[in-house]
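The next block holds one structure in the form of structure tokens; read it before the comments.
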Amino acid sequence: MKRREFIAGLGAAAASTSAFRPKAARAQRSGSVRKVGVLFSGAENDPDSQKRLAAFRRGLTELGWKEGENIRLEYRWSGGKSELIRQYAQELVALAPDVILANSTPVVTAFKNTTTSVPVVFVLAIDPVGMGHVQSLARPGGNFTGFTFIDPALIGKWTELLKSVAPDVVRAALLFDPAGSPFYDGYVRELNAARQPREIELVATHVSTDSELEAAITALAQKPGNGLVFGPDPFNQVHIKQIAQLAAQHRLPAVSVYRPFAAAGGLMAYGPDTADIFRRSAGYVDRILKGASPAELPVQQPDKFDFIFNLRTAKAFGLNVPPLLLATADEVIE
């Protein structure tokens, strides 16, 4: 199987910002234990989140940081709950860490509303410029920098995949919780405005409770020509298995950014290699601990993408899968 790798351009380093020199100077002291706050948007028992955490810790180890010796990690897990994200963001800032690792856009927003001084490395953030988290990708400014996740082009790729496997699909619901991921409404408008004839129309579908989720997918499946796509969102992340089960139950062609969706019976998953992004984020944490300012570190975009296809589900749906599509998959579930 082939692995698709896309190299995204990185911006030039931004000019030095003196506002972070005191923090950088403290980080350069030898012999002291550095403190790093880590806030995850998912649940602690989520295998995918544990895989990402392991990659981050491995990256730190490779750079010479050892927990309990020269670094201490303070973890918080929000389980996709907005109120916990805000609470834990405040708790971690109060601990006065040398740097914070922030997972997901809602988490970044919470820290943006909490601190203007503690360096924050975000991981799997969406539209950090549009959300006001950084000034630009090349020149972040302020105390935030990090690694992005998806953009409208990737959502367009999901609809292409749906069309290639299920050509009868003419519209697809984009599933998300507007409280945590308000940017998707804009993405839907942008993609629909540029949509060509015969391309899939996107429909913004808001869900924030279990009952709303089940009702939305049930209603979607009752109309012919419908499909489902969903991307990063704290609510989606903690409901992956439920979404996969509902999509399979209703024979609804669907694609997600999350690999566990395909593993749980969903049709397809396509998106950045998130463990690799977490491993790379350790490099930015390392550089900040050694004195770099976040304003000097350009925001980076994904450069590795994984495509997982559930052939068993496709057969159950009675779909004719193009051989070329299978040939490009990184993993085929049979």
Exercise. Looking only at the stretch 50-83, which residues are without any contact (Cβ under 8 Å) to a residue 40 or more places away in the chain and closer than 22 Å to Gly180 by Cβ?
Worked result: Gln50, Tyr75, Arg76, Trp77, Glu83
Problem set entry | helices (runs of 4 or more DSSP H) enclosed by the stretch 260-329 - at least 2 residues per element that are farther than 24 Å from Gly231 by Cα and touching a residue at least 60 places away in the same chain (Cβ under 8 Å) | 274-289
Exercise. Which condition number in (1) modelled with pLDDT of 95 or more; (2) under 21 Å from the mean Cα position of the chain (by Cα); (3) not in a helix (DSSP H, G or I) is the one that Ala54 fails?
Worked result: (3)
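Quick grid of which residues meet (1) under 25 Å from Arg57 (Cα atoms); (2) surrounded by fewer than 23 Cβ atoms within 10 Å (Cβ to Cβ):
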site	(1), (2)
Gln242	no, yes
Gln245	no, yes
His250	no, yes
Pro253	no, no
Pro260	yes, yes
Ala269	no, no
Asp276	yes, yes
Arg279	yes, yes
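The values are calculated or read from the model by the stated rules, or taken from the named source; none is laboratory data. Quantities reported herein were computed from a predicted structural model and do not represent experimental measurements. Counting neighbours? That spans all protein chains shown, and the Cβs are built from the backbone with ideal geometry, glycine included.
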